[in-house]
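Undergrad: Sharing a structure here in structure tokens format.
The values are calculated or read from the model by the stated rules, or taken from the named source; none is laboratory data. Since we're looking at a predicted model, the values are computed, not measured. Cβ: placed from backbone, ideal geometry, glycine included. Neighbour counts: every protein chain shown.
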Amino acid sequence: MSISYLNLAIPNAGELVEVAQGVFWLRMPLPFDLDHINLYLIKDGEDGFALVDTGIGTKQTETLWEQIISALDTPITKVIVTHMHPDHIGMAGYLVEKFRVPFYMSHDEYFVGRAISAGPRGASDWQDQEYLVRCGMSKKELTEAQKNRQRSKGIGSLVKPIPLQFTRLSAGDTLTIDNENWLVIIGKGHSPEHVSLYNANSNILISGDHVLPHISPNIGVYNTEPNANPLKQYLDTLPQFTELPSDALVLPSHKQPFYGLHTRVNELINHHHEHLDNLRVFCQQGKTIEQCLPVLFKRKLNSRNIYFAIAESFAHLNYLYFTGECSRHINAEGQFIFTLK
Ligand SMILES: [Zn+2]
């Protein structure tokens, strides 16, 4: 089954479009290259709507939410967040506070989200500096990165204060919304314990960022855990989605609702294996993480997306390091050099 998209006009910012009976698609703007996020509202009896993901915590999203809430004229009954990235969790605190309703997340996403939005609290940043050096960034890029860091107000500025209480979603749990059961499926690699929701009755998968059409979710090794192996986690947690029916309607967090779940999952798996194969050839002579960027990215990278690209390159190289295919050592400049054995 090839990929096909729902024959629906993309909703304007703040507009609700019914994608299946009782399930509504809502788009919110993002101030990034990827300029939107999809949120989903599920009719929850006569009481209102359960909401999946919330939008980034900016004034613009808040204004849109104010308009939506007054137009809806029924309350939000539950706030469910797939993972802790600011475009998903950003407005959760605002909405939970406004409606005083339960807040659902997986354990790891909730606590990582709280930790990251709280910031370093004055902890020394030598390890962040070391991370950038290990990635193979030049002196000029390092100085630029440092300036950006001083300028940026951190992720916390894009996330409203996270509620102090949550209800845990774990793999295999069932979340009931208006007598409909949604199975909790956990994916790893894009984020620590990402929640997708599957309704067998309506054959709908809310896939969050774990399975996206058109684009491949960012899989990155970041400064907090340079020995992470998120690509292995991602590749390990993708195949479970091929156990769902191939004709499920997939509601992703970016781009458009689509059919062709199995095809897309296999495309994503193949995409990463292709990158790994190309790196196996490229790293026959030792390479830094930054030197590998052209192997993974054909497009020109700018100062906004290079950080994610470096993290993605790191993830692929760590994968090869942990399978034992590549060695990883530190050169005189303090950079990691990955060499095929
Ligand atoms: Zn994400």
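Undergrad: Pick from the range 44-59 the residues that are of a type outside the set (D, E) and out of contact with any strand residue (DSSP E or B) (no Cβ under 6 Å at 6 or more places or on another chain): which of them is surrounded by the most Cβ atoms within 10 Å (Cβ to Cβ)?
TA: As a first pass, look at the range 44-59 and keep what is of a type outside the set (D, E): 45, 48-52, 54-59.
In the following step, the residues that additionally are out of contact with any strand residue (DSSP E or B) (no Cβ under 6 Å at 6 or more places or on another chain) were identified as 45, 54, 56-59.
Details: G45: 13, T54: 28, I56: 23, G57: 24, T58: 20, K59: 7.
Among residues in the range 44-59 that are of a type outside the set (D, E) and out of contact with any strand residue (DSSP E or B) (no Cβ under 6 Å at 6 or more places or on another chain), the one surrounded by the most Cβ atoms within 10 Å (Cβ to Cβ) is T54.
Undergrad: Residues V281, V250, V265: which one is more than 28 Å from A145 (Cβ to Cβ), surrounded by 22 or more Cβ atoms within 10 Å (Cβ to Cβ) and either β-branched (V, I, T) or touching a strand residue (DSSP E or B) at 6+ places or on another chain (Cβ under 9 Å) (or both)?
TA: V250
Undergrad: A follow-up question, please. Scanning the range 68-84 for residues that are aliphatic (A, V, I, L, M) and not in a helix (DSSP H, G or I), which turns out nearest to the ligand (Cβ to nearest atom)? Walk me through how you get there before you give the answer.
TA: Of the residues in the range 68-84, the ones aliphatic (A, V, I, L, M) are 68-69, 71-72, 76, 79-81, 84.
Retained after the next criterion (residues that are not in a helix (DSSP H, G or I)): 76, 79-81, 84.
Details: I76: 21, V79: 17, I80: 15, V81: 11, M84: 8 Å.
Checked the range 68-84; the qualifying residue nearest to the ligand (Cβ to nearest atom) is M84.
Undergrad: Among the residues of the range 204-234, which ones are closer than 18 Å to G113 by Cβ and more than 16 Å from the ligand (Cβ to nearest atom)?
TA: Within the range 204-234, N223, E225 qualify.
Undergrad: I need a count of the residues in the range 85-120 that are modelled with pLDDT under 95 and within 12 Å of the ligand (Cβ to nearest atom).
TA: Of the residues in that region, 0 qualify.
Undergrad: Take the conditions in contact with a helix residue (DSSP H, G or I) (Cβ under 7 Å, 6 or more places away or on another chain), under 24 Å from V195 (Cβ atoms) and touching a residue at least 40 places away in the same chain (Cβ under 8 Å) and apply them to Y110. Does it pass?
TA: Values: in contact with a helix residue (DSSP H, G or I) (Cβ under 7 Å, 6 or more places away or on another chain): no; under 24 Å from V195 (Cβ atoms): yes; touching a residue at least 40 places away in the same chain (Cβ under 8 Å): yes.
Here the answer is no, as Y110 does not meet what is asked.
Undergrad: Mind checking which pairs have a first residue in the range 206-226 that is under 21 Å from L293 (Cβ atoms) and in contact (Cβ under 8 Å) with a residue 60 or more places away in the chain and a second that is hydrophobic (A, V, I, L, M, F, W, C) and within 11 Å of the ligand (Cβ to nearest atom), Cβ under 7 Å, 6 or more apart or different chains?
TA: N218/F308; G220/F308
Undergrad: Go through the range 308-328 and give me each residue that's of a type outside the set (S, T, N, Q) and under 13 Å from G136 (Cβ atoms). Please lay out each step first, then the result.
TA: So in the range 308-328, the residues of a type outside the set (S, T, N, Q) come out as 308-312, 314-317, 319-322, 324-326, 328.
Across the range 308-328, the qualifying residues are A309, I310, A311, F314, L317, R328.
Undergrad: Which one of these is part of a strand (DSSP E or B), crowded, with 20+ Cβ neighbours inside 10 Å and in contact with a His (Cβ under 7 Å, 6 or more places away or on another chain): I219, I186?
TA: None of the others qualify; the one that does is I186.
Undergrad: For the range 195-203, state whether one or more residues are away from the ligand (no atom under 16 Å from the Cβ), at pLDDT 95 or above and in contact with a Pro (Cβ under 9 Å, 6 or more places away or on another chain).
TA: Yes; the residues of the range 195-203 include at least one that is away from the ligand (no atom under 16 Å from the Cβ), at pLDDT 95 or above and in contact with a Pro (Cβ under 9 Å, 6 or more places away or on another chain).
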